[in-house]
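Inspection log for the structure reproduced underneath, given as C-alpha cells.
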Amino acid sequence: MTKEEKIAYWLDLADYDIETAEGLFVVKRWLYVGFMCHQVIEKTLKAYWCKKRDDDPPYIHNLAQLAIRSGLYEQMSSEQQRTIAQLMPMNIEARYPEYKEQLLKRMTPEFCRQLIDDTKTLQQWIRNK
C-alpha cells in the first residue's frame, strides 16, 4: 500500500466506526458506544501516524501512546487530552466481564452523547492535522 492508501484505509474505518457509534446510541447499546468511540480515535491516530511517519503504526490500542509517539499529544489542548484519557478504558473495559458492570454505571445516555460529540470533535481536529 502507498502512504496515501494507508491513510485512506484508517480514515475510512474511523468514519465507519463513528457511524456505528451513532447507530449504537440510537439502540441504547451504551457499552459499545464507548468502545466504538475509542476505535474512531485509535484509527484516526493511526492515519495521522501514517501521514507523519514512514513506518506502520504499532499494534497497540493505547491512545495516549499513539498520540505521544506520533508527535501529536503535545499539540493537543487539555480538553483533547482529557478526551483521550476518557476513551482509554473503553477499549479494555468493554471486553472483560469484571469491568462491564463498573463501566455501565458511567454510560448514561447523556454521557454517551457527550462522548460521541467529543470524539467527533477530536477526530476532525486530528484529520485537519
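The values are calculated or read from the model by the stated rules, or taken from the named source; none is laboratory data. The structure displayed is predicted, hence computed values, not measured ones. Counting neighbours? That spans all protein chains shown, and the Cβs are built from the backbone with ideal geometry, glycine included. Keep in mind that these areas ignore ligands, DNA and RNA; they rest on the heavy atoms of the full protein, side chains included. Shrake-Rupley method; radii C 1.70, N 1.55, O 1.52, S 1.80 Å.
Residues checked against (1) aromatic (Phe, Trp, Tyr); (2) without any contact (Cβ under 8 Å) to a residue 24 or more places away in the chain:
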| site | (1), (2) |
| --- | --- |
| VAL33 | no, no |
| GLU42 | no, no |
| TYR59 | yes, yes |
| LEU66 | no, no |
| ARG69 | no, yes |
| GLN80 | no, no |
| ASN91 | no, no |
| LYS105 | no, yes |
| THR108 | no, no |
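Sort out which residues of the stretch 104-129 are open to solvent by 90 Å² or more (accessible area, probe 1.4 Å), modelled with pLDDT of 95 or more and among the basic types (Lys, Arg), and write them in order of number.
Step one: filter the stretch 104-129 for residues open to solvent by 90 Å² or more (accessible area, probe 1.4 Å), giving 105-106, 110, 114, 121, 124, 127-128.
This time we only want the ones that are modelled with pLDDT of 95 or more, so: 110, 114, 121, 124, 127-128.
Hit for the stretch 104-129 is ARG127, nothing else.
Got a sec? Which of LEU11, LEU45 is within 12 Å of the chain's Cα centre (by Cα), at pLDDT 95 or above and open to solvent by 20 Å² or more (accessible area, probe 1.4 Å)? Talk me through it step by step, then tell me what you get.
Details: LEU45 fails: open to solvent by 20 Å² or more (accessible area, probe 1.4 Å).
None of the others qualify; the one that does is LEU11.
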Check whether at least one residue in the stretch 77-92 is of a type in the set (Val, Ile, Thr), open to solvent by 50 Å² or more (accessible area, probe 1.4 Å) and within 15 Å of the chain's Cα centre (by Cα), and report yes or no.
yes
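Is it true that GLU22 is under 17 Å from ARG113 (Cα atoms) and in contact (Cβ under 8 Å) with a residue 24 or more places away in the chain? Let's see the steps before the verdict.
Details: under 17 Å from ARG113 (Cα atoms): yes; in contact (Cβ under 8 Å) with a residue 24 or more places away in the chain: yes.
Taking the combined requirement at face value, the residue satisfies it.
Please work out if ALA21 is over 25 Å from THR2 (Cα atoms), part of a helix (DSSP H, G or I), small (Gly, Ala, Ser) and open to solvent by 10 Å² or more (accessible area, probe 1.4 Å).
Working: over 25 Å from THR2 (Cα atoms): yes; part of a helix (DSSP H, G or I): yes; small (Gly, Ala, Ser): yes; open to solvent by 10 Å² or more (accessible area, probe 1.4 Å): no.
Answer is no for this residue.
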Within the stretch 77-115, how many residues are touching a Phe, Trp or Tyr at 6+ places or on another chain (Cβ under 6 Å) and under 28 Å from ILE7 (Cβ atoms)?
2
